[in-house]
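Reviewing the structure listed below.
The values are calculated or read from the model by the stated rules, or taken from the named source; none is laboratory data. Note that the structure is a prediction, hence the values are computed from the model and not measured. So basically every Cβ, Gly included, is an ideal-geometry build from the backbone, and we count neighbours across all protein chains shown.
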């Protein structure tokens, strides 16, 4: 079992707590417990939660699915942060429950930009490599 920090310097404990917070937030948003039409009528993905080393703050990276004003969703989540913190506290077995902050997840946009680049014809032709089949490998071995 891995016990040291990961490649970004975060401990396994911070990663585990961040994942627990992410699951708790996703459950609350999925159940639709919030009394906010904007949040209950949209599907919101919580892709990652990063917890500070002192466990006092957590940043949740969210991405609303569909054509929705992302800033309005983030503001709505921020206005319900205390309620969400209380719900997260029920799922955590820690001394402190982190204060929640919400940010737009830009990793989806980065992935889309990479896909666009890879689909360009002059780049796509360089990515095509001949795939050796088992028969061609056996033929090479016989020679």
Being at pLDDT 90 or above and under 27 Å from residue 111 (Cβ atoms) narrows it down to one of 68, 21, so name that one.
21
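Specify the residue that is surrounded by the most Cβ atoms within 10 Å (Cβ to Cβ); the eligible residues are those in segment 29-44 that are without any contact (Cβ under 8 Å) to a residue 24 or more places away in the chain and in contact with a helix residue (DSSP H, G or I) (Cβ under 8 Å, 6 or more places away or on another chain).
Step by step, filter segment 29-44, then rank; the result is 29.
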Only one of 123, 114 is more than 20 Å from residue 57 (Cβ to Cβ), in a helix (DSSP H, G or I), in contact with a helix residue (DSSP H, G or I) (Cβ under 9 Å, 6 or more places away or on another chain) and modelled with pLDDT under 90, namely 123
Give me the pairs, please: first residue somewhere in segment 82-104 and on the phi < 0 side of the Ramachandran plot and without any contact (Cβ under 8 Å) to a residue 40 or more places away in the chain, second residue anywhere and surrounded by 11 or more Cβ atoms within 10 Å (Cβ to Cβ) and in a strand (DSSP E or B), beta-carbon distance under 8 Å, and either six or more positions apart or on two chains.
85/99; 85/100
The condition from (1) surrounded by fewer than 11 Cβ atoms within 10 Å (Cβ to Cβ); (2) modelled with pLDDT under 85 that residue 90 misses is numbered (2)
Among (1) surrounded by 10 or more Cβ atoms within 10 Å (Cβ to Cβ); (2) modelled with pLDDT of 80 or more, the one test that residue 132 misses
(2)
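Residue-by-condition table, conditions (1) farther than 12 Å from residue 22 by Cβ; (2) more than 12 Å from the chain's Cα centre (by Cα); (3) surrounded by 14 or more Cβ atoms within 10 Å (Cβ to Cβ):
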| site | (1), (2), (3) |
| --- | --- |
| 46 | no, no, yes |
| 51 | no, yes, yes |
| 56 | yes, yes, no |
| 68 | yes, yes, yes |
| 76 | yes, yes, yes |
| 82 | yes, yes, no |
| 86 | yes, yes, no |
| 95 | yes, yes, no |
| 104 | yes, no, yes |
Pairs returned, first residue in segment 1-23 that is closer than 16 Å to residue 53 by Cβ, second residue that is assigned to a loop (DSSP other than H, G, I, E, B) and at pLDDT 90 or above, beta-carbon separation under 7 angstrom, 6 or more apart or interchain, are 14/53; 21/98
Only unsatisfied item for residue 31, checking (1) closer than 29 Å to residue 12 by Cα; (2) at pLDDT 90 or above, is (2)
